[in-house]
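Trainee: Sending over a structure as structure tokens; questions will come in a sec.
Taken together, the values in this text are just the output of simple stated rules run on the coordinates, not laboratory data. All of these numbers come straight from a predicted model, not from anything done at the bench. Note that we place each Cβ from the backbone using ideal geometry, even for glycine, and neighbour counts take in every protein chain shown.
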Amino acid sequence: MKNITGLKSKTLIVDKLVGRKPGKRGGQVTTWWETHCERCGAIGEHSINNLVSGKAGCLKCRRKINHLTHGESYTDLYRLWARIKHGGDACKEWGDYVTFKRNLPPLPNHKSTLIKIDKSLPYQPNNVEWATKDDRNKKKIVEFVKKAKEVGMFANQTEQQLIERFQKVSRQRLYELMKRVK
Ligand SMILES: [Zn+2]
């Protein structure tokens, strides 16, 4: 038996043998293989003949392409999803691009990054928000001020005053200060 584990056929990667069986419309008995799609992560089963000849394709992607506006697969959002997925830190449901997209908070019209609200949890519904560079910076400052207060630093200033103050200092200075409360 020919082992085609690891073979790449279009977007499909062959993972393991399923067994021997005839084709969908009967006919010759061949080996069938489980695949995953490197684009969308969907698991599928295909005959060796279709995999080797390149006739096999991801059914999920094919369906998806019909539902999405043309070209959408290659937008920034798609790339962002692929990055999060490859990072291995996304919840299971978000292995699917369409679900991910549906669960996201509305896209802002300014340049933003998707960040986790609670860093100890994965990328999942209700744990992400869009943040600009300034938002991210402010978030860091708020965390820092909280910690600093906990250890008794800046006792004579309120959290709000400190946040405003640190938003004005240079990044370099801020990092130096942050190191002190770790
Ligand atoms: Zn796919």
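Trainee: Taking only Cα atoms, what is the 0 to 90° angle, nearest 10, from helix 133-150's long axis to the longest principal axis of the chain?
Mentor: Computed tilt is about 60 degrees.
Trainee: Let me check I've understood the local charge: for Val18, count other residues with C-beta under 10 angstrom from its C-beta, Lys and Arg +1, Asp and Glu -1. What total comes out? Can you show the working numbers first?
Mentor: On the way: positive: Lys16, Arg20, Lys21; negative: Asp15, Glu34, Glu45.
Once positives and negatives cancel, what remains is 0.
Trainee: Here's something else I'd like to know. Would you tally the net charge around Val169, using a Cβ to Cβ cut-off of less than 13 Å, leaving Val169 out, and scoring K and R as +1, D and E as -1?
Mentor: Numbers: positive: Lys138, Lys140, Arg165, Lys168, Arg171, Arg173; negative: Glu164, Glu176.
Charge balance near Val169 sits at +4.
Trainee: Follow-up question, since we're still on this one. Taking springs between alpha-carbon atoms closer than 10 angstrom, which of His110, His86, His46 fluctuates most in the Gaussian network model of the chain?
Mentor: Answer for the Gaussian network model of the chain: His110.
Trainee: Please give the Cα centre distance for region 21-61 versus region 105-154, rounded to the nearest Å.
Mentor: 43 Å
Trainee: So, one more: If you put +1 on each Lys and Arg Cβ and -1 on each Asp and Glu Cβ, how big is the dipole of the chain around its Cα centre, in Debye rounded to 20? Mind dumping the intermediate values first?
Mentor: Details: 38 positive and 18 negative charges, 79 e Å.
It comes to approximately 380 debye.
Trainee: Can you pick out the pairs among Lys119/Lys149; Lys8/Lys111; Lys149/Lys179 whose Cα atoms lie more than 26 Å from each other? Don't skip to the answer; put the middle values down first.
Mentor: Numbers: Lys119/Lys149 21 Å; Lys8/Lys111 36 Å; Lys149/Lys179 14 Å.
With Cα atoms farther than 26 Å apart: Lys8/Lys111.
Trainee: In whole Hz, with x marking every Gly and Pro, tabulate ³J(HN,Hα) for region 120-129 from phi via Karplus 6.51 cos²θ - 1.76 cosθ + 1.60, θ = phi - 60°.
Mentor: After applying 6.51 cos²θ - 1.76 cosθ + 1.60, I find 7, 9, x, 5, 7, x, 6, 10, 10, 8 Hz.
Trainee: Something else: Within straight cross-link reach of Lys85, meaning Cα distance under 20 Å, which aspartates and glutamates are found once same-chain residues fewer than 8 apart are removed?
Mentor: Cross-link targets: Asp15, Glu38, Glu72, Asp76, Glu93, Asp96, Asp118, Glu129.
Trainee: Quick one: dipole size for region 8-63, taken about the Cα centre, charges +1 on Lys/Arg Cβ and -1 on Asp/Glu Cβ, in debye to the nearest 20.
Mentor: Numbers: 12 positive and 4 negative charges, 51 e Å.
Computed charge dipole of region 8-63: roughly 240 debye.
Trainee: How long, wide and thick is the chain, going by the Cα atoms along their three principal axes, in whole angstroms, largest first?
Mentor: Each principal axis gives a Cα extent; for the chain these are 83, 34, 25 Å.
Trainee: How far is helix 159-168 tilted off the main Cα axis of the chain, in degrees rounded to 10, range 0 to 90?
Mentor: Computed tilt is about 80 degrees.
Trainee: Classify region 110-149: rounded, prolate or oblate, from the alpha-carbon gyration tensor (a ≥ b ≥ c, eigenvalue square roots; a/c under 1.5 rounded; otherwise prolate if a/b is larger than b/c)? Working shown, then result.
Mentor: Values: a/c = 3.71, a/b = 1.28, b/c = 2.89.
Oblate shape, in that a/c is at least 1.5 and b/c is the bigger or equal ratio.
Trainee: Kindly write out, for region 27-35 in residue order, the coupling ³J(HN,Hα) from the Karplus curve 6.51 cos²θ - 1.76 cosθ + 1.60 (θ = phi - 60°), rounded to whole Hz, with x marking Gly and Pro.
Mentor: x, 4, 7, 9, 7, 10, 10, 8, 10
Trainee: While we're on this one: For Ala56, what is the net charge nearby, where nearby means another residue's Cβ is under 10 Å from its Cβ and Lys, Arg count +1, Asp, Glu -1? Write out the running numbers ahead of the final one.
Mentor: Values: positive: Lys10, Lys55; negative: Glu45.
Cβ neighbours under 10 Å give a net charge of +1.
Trainee: Nearest 10 degrees is fine. How inclined is helix 76-86 to the longest principal axis of the chain, computing both from alpha carbons?
Mentor: 80 degrees
Trainee: Per residue of the chain, what 222 nm ellipticity follows from adding -39500 (n - 2.57) for every DSSP H run with n ≥ 4, rounded to the nearest 500? Intermediate results must be reported in sequence, preceding the final value.
Mentor: Details: 7 runs with 71 residues, N = 182.
Result for the chain, helices only: -11500 deg cm²/dmol.
Trainee: Restricting to DSSP loop positions (anything but H, G, I, E, B) with no more than 16 other Cβ atoms inside 10 Å of their own Cβ, which chymotrypsin sites (Phe, Trp or Tyr not before Pro) remain in region 152-182? Mind dumping the intermediate values first?
Mentor: Working: sites: Phe154, Phe166, Tyr175; in loops: Phe154.
Qualifying residues, ordered by number: Phe154.
Trainee: Once amide H atoms are placed 1.01 Å from N in the peptide plane, what residues at a sequence separation of 5 or more from Val128, or on another chain, have their amide H within under 5 Å of its amide H?
Mentor: Ile117
Trainee: Then there is this: Once phi is turned into ³J(HN,Hα) by the Karplus curve 6.51 cos²θ - 1.76 cosθ + 1.60 with θ = phi - 60°, what whole-Hz value does each residue of region 46-59 show in order, with x for glycine and proline?
Mentor: Whole-Hz 3J(HN,Hα) from phi for region 46-59: 9, 7, 4, 4, 5, 6, 5, 7, x, 7, 6, x, 6, 5.
Trainee: From the Cα gyration tensor of region 70-131, with a ≥ b ≥ c the square roots of its eigenvalues, which class applies: rounded if a/c is under 1.5, or else prolate if a/b is larger than b/c, or else oblate?
Mentor: Oblate is the answer for region 70-131, as a/c is 1.5 or above yet b/c matches or exceeds a/b.
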